[in-house]
1. Would you be able to say whether some residue in the range 354-377 is within 30 Å of residue 486 (Cα to Cα), modelled with pLDDT of 90 or more and part of a helix (DSSP H, G or I)?
2. Of everything in the range 534-552, what is loosely packed, with under 13 Cβ neighbours inside 10 Å and in contact (Cβ under 8 Å) with a residue 12 or more places away in the chain? Give them in sequence order.
3. Given the criteria within 36 Å of the chain's Cα centre (by Cα) and part of a helix (DSSP H, G or I), does residue 402 qualify?
4. Which ones in the range 147-167 are more than 15 Å from residue 75 (Cβ to Cβ), in contact with a strand residue (DSSP E or B) (Cβ under 8 Å, 6 or more places away or on another chain) and in contact (Cβ under 8 Å) with a residue 12 or more places away in the chain?
5. Scan the range 704-714 and give yes if some residue there is within 27 Å of the chain's Cα centre (by Cα) and more than 30 Å from residue 558 (Cβ to Cβ), otherwise no.
6. Within the range 688-711, which residues are surrounded by 14 or more Cβ atoms within 10 Å (Cβ to Cβ) and touching a strand residue (DSSP E or B) at 6+ places or on another chain (Cβ under 6 Å)?
7. In the range 579-600, which residue that is under 23 Å from residue 642 (Cβ atoms) and in a helix (DSSP H, G or I) is farthest from the chain's Cα centre (by Cα)?
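The values are calculated or read from the model by the stated rules, or taken from the named source; none is laboratory data. If you're wondering where the values come from, they're calculated on a predicted model, not measured in any experiment. Every residue, glycine as well, gets a Cβ built from its backbone with ideal geometry; the counts of neighbours run over all protein chains shown.
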């Protein structure tokens, strides 16, 4: 008997093996698909701890085991759940192969590697599920668990225990859409929906009818929700609102409320089209602040919205550090990132055309992004001041680009320069959208200038001949813009052109406090002398560097043996990132430039620390490497938050940014105020966006009494 109980504790017997392979697993009730623990979706975001696994293993005498799909496990699954032989054959024929497949009561489930882009999606026909893409928020029962009908799940070919998540095949992004289109060509009423949408089909058909009836009868929300849950518990086995196959969690009242809200919005959408009166939900009382805080806190914990650790801005040495410090000392609003960016731009222009490392000249394109009024112009003004104070303001170039000619024609007489441009959003927009011939060419010219810093730039052909042609032009850029300017000026397709990958992007803090300055310290004389010494340094003829048979006056910067070995490892790391990146990843053009950026920054840091005879050491590489990773993380966030694939994505962001994040002290935003601030969208589009943001849990709402009147108020959950 004891052995029989042990054998039935399937989670205890198999969980350690799955955990060791890197899979996030949880216990289910024995002969059931229902989780045996609460808040199981936490483990979509993180692996269970050793203590949790031990506790679960000893808490149940009998159990099944489930794999939690998504980020933590690094796994997605295609769960085919139909007995239609024709559809089964079609799916098997066209679904991308994977040797890791399980079989249960009907259909099959194949496993693939999670890449971060897959969303849980359900595909139905005539109210019945055909198949699902299981990702974050979903789980699937693993062999040798027991199905509710007594069948034992089994592996068809290979078990997941034979491989880690990183060894699973990747599901091609268009494979599922292809299968869906094939099924729809034969069954036009096939439907798909992102997880979380309710449809009137199958088991919940009666629930949907009851929900609409309760709304039409003007039942208050509390009563309506209670009646839905009671009806579900009495008439459905298992109840719909607590079925883990259909919901992210098992709180029946929350899931009933989601159905109520969905049907209410669906009915009102019909009323809107017919210009009929809206259905108005009857609310007995608003949710208390204390209860709302508790519910939201639990929700945030469930969804794993804890802030990920951020990389820290690395600390420079030598001249760069001194310049950064002086910029901050002269700033009403201290922005360390922007000050470091400006310091690098100054070093880049004074070192350009003099030093080369591994075939790279250290010119840089830098872009500072910070909200209006946050002090982003001070670093730029200080760089101008430094060059003027040491009598080298001739190194200052353009403050704006009017055309491609303005970029090129002065290069022959001014091949080294620093272009300092405020409010660069308009320039980015002109360059990337290519609204005119010269605007469209500027992106290509800037890309070519960046990579021609150690060769010949060909210039442009005119009626008078070729203009702008020169050897080794070293143009550096220090630009600034606001987040809005960046968002409006850069699209994902523009990133693919490659120009943005050549920019090191730094972000300022829009909430940094200002401090009144009583004095404005000048740059230390010793630092000024170091700058002047680098500027006035004239390298000897280098017979190893020749262009068109002409030897160049340039100095090769040397690196220690340890530094060279570390650079080899960094090169391999960045190259691996490039090879493993998806071809459609918007960050790919940026990844391709990471080592080049690291090499340039490392060279500048070596000269900053050691002067004109500086040699690249491990500390220089550490600074360059950490700075590039810091930039890469910030750039990834910027692409996610500020750069959009479509205009539709931007509409969602335009609505979200006006909705405050919930806190006990946040008053939220009323629907009236939100309508005023987003009036350009139009009522129907705005309401659709709010409905979808609410359904996916990114926005919550409540009815609040303001000046004696009920107002619908919104908050963001993240």
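1. Among the residues of the range 354-377, at least one is within 30 Å of residue 486 (Cα to Cα), modelled with pLDDT of 90 or more and part of a helix (DSSP H, G or I), which makes the answer yes.
2. Just the residues of the range 534-552 that are loosely packed, with under 13 Cβ neighbours inside 10 Å, to begin with: 536, 538, 540-541, 543-544, 546-550.
538, 540, 541, 544, 547, 548, 550 - these are the residues of the range 534-552 that are loosely packed, with under 13 Cβ neighbours inside 10 Å and in contact (Cβ under 8 Å) with a residue 12 or more places away in the chain.
3. Details: within 36 Å of the chain's Cα centre (by Cα): yes; part of a helix (DSSP H, G or I): no.
No, not satisfied.
4. Going residue by residue through the range 147-167, those that are more than 15 Å from residue 75 (Cβ to Cβ) are 147-154, 156-157.
Right, trim to in contact with a strand residue (DSSP E or B) (Cβ under 8 Å, 6 or more places away or on another chain) and you get 147, 152-154, 156-157.
If the condition is that a residue be more than 15 Å from residue 75 (Cβ to Cβ), in contact with a strand residue (DSSP E or B) (Cβ under 8 Å, 6 or more places away or on another chain) and in contact (Cβ under 8 Å) with a residue 12 or more places away in the chain, then 147, 153, 154, 156, 157 are the ones that fit.
5. Yes, the conditions are met somewhere in the range 704-714.
6. 693, 699, 700, 701, 702, 703, 704, 711
7. Initial filter on the range 579-600 (under 23 Å from residue 642 (Cβ atoms)): 581-594, 597.
Next, only the ones that are in a helix (DSSP H, G or I) stay: 588-591, 594, 597.
Working: 588: 13, 589: 16, 590: 14, 591: 15, 594: 18, 597: 21 Å.
Of everything passing the filter in the range 579-600, 597 is farthest from the chain's Cα centre (by Cα).
A quick yes/no check of all residues on (1) part of a loop (DSSP other than H, G, I, E, B); (2) touching a residue at least 24 places away in the same chain (Cβ under 8 Å):
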site	(1), (2)
73	yes, yes
77	no, yes
93	no, no
98	yes, yes
105	yes, yes
143	yes, yes
173	yes, yes
